[in-house]
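Colleague: Submitted below is the structure of interest, expressed as structure tokens.
The values are calculated or read from the model by the stated rules, or taken from the named source; none is laboratory data. Remember, predicted model here, so these are calculated numbers, not experimental data. Every residue, glycine as well, gets a Cβ built from its backbone with ideal geometry; the counts of neighbours run over all protein chains shown.
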Amino acid sequence: MLYETPALTADDERVLAEVKDMRQALRHAVQTTPTKWTYDLRRTMTAQAVAASNTIEGYSVDVRDVADLMDDHDAAVSVSPENRAETLAYQQTMTYIQSLYNVEDFTYSKGLLNALHWMLQGHHHPKKPAGQWRHGFIRITAPGNEHATDYEGPDHSDVPRLMTELVDWLNEGDLEADPLVRAAMAHFNLVKIHPWRDGNGRMSRSLQTLLIVREQSVAPEFCSIEEWLGMPGNTWDYYRVLKKVGGPVYSPQRDTTDWISFNLRAYHEQTQGVQHRVERSNQAWIELSKQADQLGLTEERQVTALHEVAMTGRVRRTRYEKAEGLNAQMAKRDMKHLTDQGLLEGIGNTRGRYYIPGNRYPAQVLETAARAHRIIDPYDKDDA
């Protein structure tokens with residue numbers, strides 16, 4: 001038996017309707033914006049999802065370093081071998097999930113889930129078996145106290161049966177429910193079954209992202225709520241609601257209403273944040289394009305490098321080269337020109353070199369990129 005999808009409260013219905021309206025507006029905004037304008041943002045959103053989900057599990061890598069590793073697995077970034085391995089594994093998993101966006105003959109299976117788990121955890125095998133159900137007892141410790149148990153998973157002998165039930169539900173269950181609600185329930189059921197020895201949290205969040213990606217309502221890079229979940233206050237709420245709703249042991253008869261409300265809030269607030277980023281990103285690009293002649297740009301493509309600096313704080317020559325489809329010599333020439341113009345300033349040497357805003361970088365663009373916004377809690381009537 002699985003935890004059941006609850007009936008939505010009136011507030012849940014209202015928040016869900018607002019999320020769908022915002023996502024439709026975001027879809028339109030992205031579709032009507034030149035792809036080049038959103039390239040940085042798409043990559044950054046994926047990097048933030050990877051960084052946040054790993055942070056929840058105790059692996060901390062700066063989002064900009066994650067983005068560098070996504071472009072070059074051997075990038076010279078200051079991360080431990082362990083953090084590099086976890087980042088690359090999760091990036092591979094997330095990239096594959098995003099690629100399933102519009103596969104026509106897609107179906108869920110135990111083989112698919114185990115393959116995704118292998119992508120995520122295969123570098124630990126055989127010390128921590130990957131791509132196969134766990135054998136033996138599993139418990140979840142309380143955050144910050146490894147001696148306290150928050151949750152005990154079902155007996156390992158029940159895992160194959162429960163996973164069969166979950167896969168059947170993924171393909172055929174509660175199809176009348178909203179896809180965002182189904183995605184949240186998929187996350188919850190997988191994390192409560194806890195079918196693998198390790199990596200269950202990231203796999204459950206990945207499965208939720210996969211269901212949202214398959215909905216095809218927005219670009220796949222904008223589907224994950226993992227960045228939101230990785231924010232410190234939200235992470236504690238995440239642990240709290242998992243404990244409250246799931247119970248101390250596998251208890252599928254429990255009411256899951258609070259879990260759905262938590263996820264609807266996450267969807268809502270994450271979408272608010274993405275909307276603001278898209279607006280800032282587009283405005284920064286427009287401002288840079290208008291000033292191209294004044295700034296002394298010799299090629300229109302050089303706006304790409306300046307735009308990334310505005311939105312993320314730095315750019316590497318190799319990433320600019322990849323984004324614009326240039327050879328190394330052309331990219332080096334552009335970076336030298338932008339540096340000579342005082343628009344960029346190089347930091348570091350050789351493979352680790354990156355560029356930050358120079359003394360002639362237009363302040364207005366940096367202000368646009370850093371413009372503050374307010375996120376509203378959709379369930380808080382005083383926050384409207």
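Conditions tested, residue by residue: (1) more than 27 Å from Ala52 (Cα to Cα); (2) in a loop (DSSP other than H, G, I, E, B); (3) touching a residue at least 60 places away in the same chain (Cβ under 8 Å).
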residue: Glu82; (1), (2), (3): no, no, no
residue: Asn102; (1), (2), (3): no, yes, yes
residue: Asp105; (1), (2), (3): yes, yes, no
residue: Lys128; (1), (2), (3): no, yes, yes
residue: Gly131; (1), (2), (3): no, yes, no
residue: Leu162; (1), (2), (3): yes, no, yes
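Colleague: Criterion first (farther than 23 Å from Val61 by Cα, in contact with a Leu (Cβ under 9 Å, 6 or more places away or on another chain) and surrounded by 11 or more Cβ atoms within 10 Å (Cβ to Cβ)) does Leu88 satisfy it? If you could, list the steps in order and put the result at the bottom.
Modeller: Working: farther than 23 Å from Val61 by Cα: no; in contact with a Leu (Cβ under 9 Å, 6 or more places away or on another chain): yes; surrounded by 11 or more Cβ atoms within 10 Å (Cβ to Cβ): yes.
No; evaluated as a whole, the condition is false for this residue.
Colleague: Sticking with this structure for a sec: Note down all Cβ pairs under 7 Å where the first residue falls in segment 61-77 and is under 13 Å from Ala323 (Cα atoms), the second is at pLDDT below 85 and in a helix (DSSP H, G or I), and they're at least six residues apart or on different chains.
Modeller: If the second residue must be at pLDDT below 85 and in a helix (DSSP H, G or I), the pairs left are Ala67/Arg43; Met70/Arg43.
Colleague: From the set of residues in segment 362-372 that are part of a helix (DSSP H, G or I) and touching a residue at least 12 places away in the same chain (Cβ under 8 Å), which is surrounded by the most Cβ atoms within 10 Å (Cβ to Cβ)?
Modeller: Filtering first and then ranking leaves Val365.
Colleague: How about segment 349-361: which of its residues are under 29 Å from the mean Cα position of the chain (by Cα), farther than 19 Å from Arg333 by Cβ, of a type outside the set (A, V, I, L, M) and exposed (fewer than 14 other Cβ atoms within 10 Å of the Cβ)? So that I can check it myself, show each step before the final result.
Modeller: Taking segment 349-361 as the starting set, the residues that turn out to be under 29 Å from the mean Cα position of the chain (by Cα) are 351-357.
Next cut, farther than 19 Å from Arg333 by Cβ only: 352, 356-357.
Going one step further and asking which of them are of a type outside the set (A, V, I, L, M), we end up with 352, 357.
Selection gives Gly352 alone.
Colleague: Let me ask another. What pairs can you find where one residue is in segment 1-17 and acidic (Asp, Glu), the other is in a helix (DSSP H, G or I), and their Cβ atoms are less than 6 Å apart, with a gap of 6+ or different chains?
Modeller: Asp12/Ser261; Asp12/Leu264
Colleague: Let me ask another. Asp377 is checked against (1) under 22 Å from the mean Cα position of the chain (by Cα); (2) within 21 Å of Ala76 (Cα to Cα) and fails just one. What number does that condition carry?
Modeller: For Asp377, the exception is condition (2).
Colleague: In segment 287-306, which residue that is assigned to a helix (DSSP H, G or I) and of a type in the set (Ser, Thr, Tyr) is surrounded by the fewest Cβ atoms within 10 Å (Cβ to Cβ)?
Modeller: Filtering segment 287-306 for residues assigned to a helix (DSSP H, G or I) gives 287-290, 292-295, 302-306.
Narrowing further to those that are of a type in the set (Ser, Thr, Tyr): 289, 304.
Working: Ser289: 14, Thr304: 22.
Ranking the candidates gives Ser289 first.
Colleague: For segment 74-87, check the following and say yes or no: at least one residue is closer than 21 Å to Pro195 by Cβ and either assigned by TED's automatic domain parsing to the domain that holds Met203 or not polar (S, T, N, Q) (or both). Walk me through how you get there before you give the answer.
Modeller: In the first step, residues of segment 74-87 are kept if they are closer than 21 Å to Pro195 by Cβ; the result is 86.
In the following step, the residues that additionally are either assigned by TED's automatic domain parsing to the domain that holds Met203 or not polar (S, T, N, Q) (or both) were identified as 86.
Within segment 74-87 (the criterion being closer than 21 Å to Pro195 by Cβ and either assigned by TED's automatic domain parsing to the domain that holds Met203 or not polar (S, T, N, Q) (or both)), the answer is yes, since at least one residue qualifies.
Colleague: Moving on to the next point. How about segment 167-180: which of its residues are assigned to a helix (DSSP H, G or I), touching a residue at least 60 places away in the same chain (Cβ under 8 Å) and more than 18 Å from the chain's Cα centre (by Cα)? First the steps, then the outcome.
Modeller: Residues of segment 167-180 that are assigned to a helix (DSSP H, G or I), as a first pass: 167-172, 179-180.
Filter once more, so that each one left must be touching a residue at least 60 places away in the same chain (Cβ under 8 Å): 169-171, 180.
Scanning segment 167-180 gives Trp169, Leu170, Asn171.
Colleague: Can you tell me which residue among Ala17, Ala25, Ala47 is over 16 Å from Ala219 (Cβ atoms) and in the same structural domain as Val249 (by TED's automatic domain parsing)?
Modeller: Working: Ala25 fails: over 16 Å from Ala219 (Cβ atoms); Ala47 fails: over 16 Å from Ala219 (Cβ atoms).
It is Ala17.
Colleague: Would you check if there is a residue in segment 266-285 being in a helix (DSSP H, G or I), over 21 Å from the mean Cα position of the chain (by Cα) and within 29 Å of Leu166 (Cα to Cα)?
Modeller: no
Colleague: Of the conditions (1) assigned to a loop (DSSP other than H, G, I, E, B); (2) of a type in the set (A, V, I, L, M, F, W, C); (3) surrounded by fewer than 18 Cβ atoms within 10 Å (Cβ to Cβ), Ala115 clears all except one; give me its number.
Modeller: Checking Ala115 against (1) assigned to a loop (DSSP other than H, G, I, E, B); (2) of a type in the set (A, V, I, L, M, F, W, C); (3) surrounded by fewer than 18 Cβ atoms within 10 Å (Cβ to Cβ), the one that fails is (1).
Colleague: What are the residues in segment 21-56 that are in contact (Cβ under 8 Å) with a residue 60 or more places away in the chain and surrounded by fewer than 16 Cβ atoms within 10 Å (Cβ to Cβ), if any?
Modeller: Of everything in segment 21-56, those that are in contact (Cβ under 8 Å) with a residue 60 or more places away in the chain and surrounded by fewer than 16 Cβ atoms within 10 Å (Cβ to Cβ) turn out to be Gln24, Ala25, Arg27, Thr33, Lys36.
Colleague: Just to check your reading of the model, which residue among Tyr320, Tyr354, Tyr361 is modelled with pLDDT of 95 or more and among the aromatic types (Phe, Trp, Tyr)? Break it down stepwise before answering.
Modeller: On the way: Tyr320 fails: modelled with pLDDT of 95 or more; Tyr354 fails: modelled with pLDDT of 95 or more.
That would be Tyr361, the only listed residue that is modelled with pLDDT of 95 or more and among the aromatic types (Phe, Trp, Tyr).
Colleague: For segment 139-149, check the following and say yes or no: at least one residue is closer than 21 Å to Met163 by Cα, part of a loop (DSSP other than H, G, I, E, B) and either more than 24 Å from the chain's Cα centre (by Cα) or not assigned by TED's automatic domain parsing to the domain that holds Tyr239 (or both). Steps first, answer last, please.
Modeller: Kept after step one, since they are closer than 21 Å to Met163 by Cα, are these residues of segment 139-149: 139-140.
Add one more test, that the residue is part of a loop (DSSP other than H, G, I, E, B), and what stays is none.
No, there is no match, as no residue in segment 139-149 is closer than 21 Å to Met163 by Cα, part of a loop (DSSP other than H, G, I, E, B) and either more than 24 Å from the chain's Cα centre (by Cα) or not assigned by TED's automatic domain parsing to the domain that holds Tyr239 (or both).
Colleague: Right, another one. On the basis of being out of contact with any His (no Cβ under 7 Å at 6 or more places or on another chain), in the same structural domain as Tyr267 (by TED's automatic domain parsing) and at pLDDT 95 or above, does Arg202 make the cut?
Modeller: yes
Colleague: Checking Leu242 against (1) within 23 Å of Gly58 (Cβ to Cβ); (2) touching a Lys or Arg at 6+ places or on another chain (Cβ under 7 Å), only one condition comes out false. Which one?
Modeller: Condition (2) is where Leu242 drops out.
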